[in-house]
1. Is it the case that Asn98 is in contact (Cβ under 8 Å) with a residue 12 or more places away in the chain, in the same structural domain as Ile59 (by TED's automatic domain parsing), more than 23 Å from Cys48 (Cα to Cα) and not charged (D, E, K, R)?
2. Just checking, which of Ile129, Ile111, Ile101 is modelled with pLDDT of 95 or more and more than 9 Å from the chain's Cα centre (by Cα)?
3. So, in the range 31-78, how many residues would count as being of a type in the set (A, V, I, L, M, F, W, C), surrounded by fewer than 20 Cβ atoms within 10 Å (Cβ to Cβ) and not in a strand (DSSP E or B)?
4. Show the residue pairs that are 6+ apart or on different chains and have beta-carbon atoms under 6 Å apart, the first residue being within the range 132-154 and in the same structural domain as Leu187 (by TED's automatic domain parsing) and in contact (Cβ under 8 Å) with a residue 60 or more places away in the chain, the second being assigned to a strand (DSSP E or B) and of a type in the set (Ser, Thr, Tyr).
5. Could you check the range 189-238 for strands (runs of 3 or more DSSP E) lying wholly inside it with 2 or more residues that are among the small types (Gly, Ala, Ser) and buried (at least 21 other Cβ atoms within 10 Å of the Cβ)?
6. Residues in the range 82-93: is at least one closer than 22 Å to Ile129 by Cβ and at pLDDT 95 or above?
7. Which one of these does Ser88 not meet: (1) of a type in the set (S, T, N, Q); (2) without any contact (Cβ under 8 Å) to a residue 40 or more places away in the chain; (3) surrounded by 22 or more Cβ atoms within 10 Å (Cβ to Cβ)?
8. Scan the range 176-188 residue by residue and report those that are of a type in the set (A, V, I, L, M, F, W, C) and assigned to a strand (DSSP E or B).
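The values are calculated or read from the model by the stated rules, or taken from the named source; none is laboratory data. From a predicted model like this one, the values you see are computed outputs, not experimental measurements. Here the Cβ positions follow ideal geometry from the backbone for every residue, glycine too, while neighbour counts run over all protein chains shown.
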Amino acid sequence: MVCEKDGNMLRKILIAFGNLFKLPIIYMPGTLGKRLRYLYYKKRLKRCGKNVVIDEGVIIENPEWISIGNSIWIDKYTILSAGPVAFSKRDILKKKHNRSISNINEGELIIGSGCHIGAFNVLQAYGGIRIGDNVTTSAFVKIYSLSNMPNNPSNLEEITFANCVAEGKVAYIMGPVEIEDGVWIGLDSIILSGVKIGKYSFVRSKSLVISNIEKNSIASGNPAKRIKERFKLKSKNE
């Protein structure tokens with residue numbers, strides 16, 4: 001029993017020292033900081049391509065669940081959260097399925113090549129997020145594959161809460177998010193679970209995306225809806 005306690009204490013000490021070692025790497029400015037962060041996370045990410053810039057202040061939680069392609073810029077003070085979530089017996093979990101989304105594992109974050117993830121973004125991939133190639137997310141974009149529900153849809157008489165420290169029941173909704181190639185997400189937009197944004201689409205600033213956006217759309221609003229096509233494509237296969 002003593003040995004088990006000693007082992008747990010040793011693990012906590014090692015984790016604490018590891019976090020202290022990581023802090024100057026996360027917040028170091030300039031070219032040296034970018035180089036050190038790349039070398040540090042290259043060995044810890046599930047997959048890390050070439051020409052990857054991880055800027056100052058970026059927080060990466062559970063990097064072993066995150067795959068990043070080539071020529072990626074993750075801008076300042078963005079948070080990438082991945083990995084599985086354990087729910088307690090008191091939690092109410094509703095899974096939002098989307099037949100147009102396939103092969104995205106819960107907890108996995110995949111970012112394709114040629115992407116710019118803007119400053120102060122939050123990519124929360126507990127329900128799974130896949131981002132295609134040449135995608136841009138502007139500053140303050142938030143993508144939540146897991147979020148809270150205002151009530152229990154199967155029992156509206158039940159009182160639920162929106163934080164995990166509450167003593168009562170907490171209601172969650174979870175589902176994958178897919179953003180296809182060539183998409184641009186405008187400033188301060190929010191994307192929630194179970195959503196697919198078709199390739200070449202543009203989501204205007206301050207939009208709330210809660211349902212699919214079809215290919216080659218300009219979408220806007222709360223909730224976001226297609227307004228018109230973005231490009232004049234020559235064929236349906238483009």
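1. On the way: in contact (Cβ under 8 Å) with a residue 12 or more places away in the chain: yes; in the same structural domain as Ile59 (by TED's automatic domain parsing): yes; more than 23 Å from Cys48 (Cα to Cα): yes; not charged (D, E, K, R): yes.
When the stated conditions are applied, Asn98 passes them.
2. Details: Ile129 fails: more than 9 Å from the chain's Cα centre (by Cα); Ile101 fails: modelled with pLDDT of 95 or more.
Selected residue: Ile111, the only one of Ile129, Ile111, Ile101 that is modelled with pLDDT of 95 or more and more than 9 Å from the chain's Cα centre (by Cα).
3. The qualifying residues number 3.
4. Asn152/Thr160
5. On the way: elements: 195-197, 217-221, 224-229.
Because the criterion is at least 2 residues that are among the small types (Gly, Ala, Ser) and buried (at least 21 other Cβ atoms within 10 Å of the Cβ), the strands (runs of 3 or more DSSP E) in the range 189-238 that meet it are 217-221.
6. Yes - at least one qualifying residue is present in the range 82-93.
7. Single failed check for Ser88: (3).
8. Val177, Ile179, Trp184, Ile185
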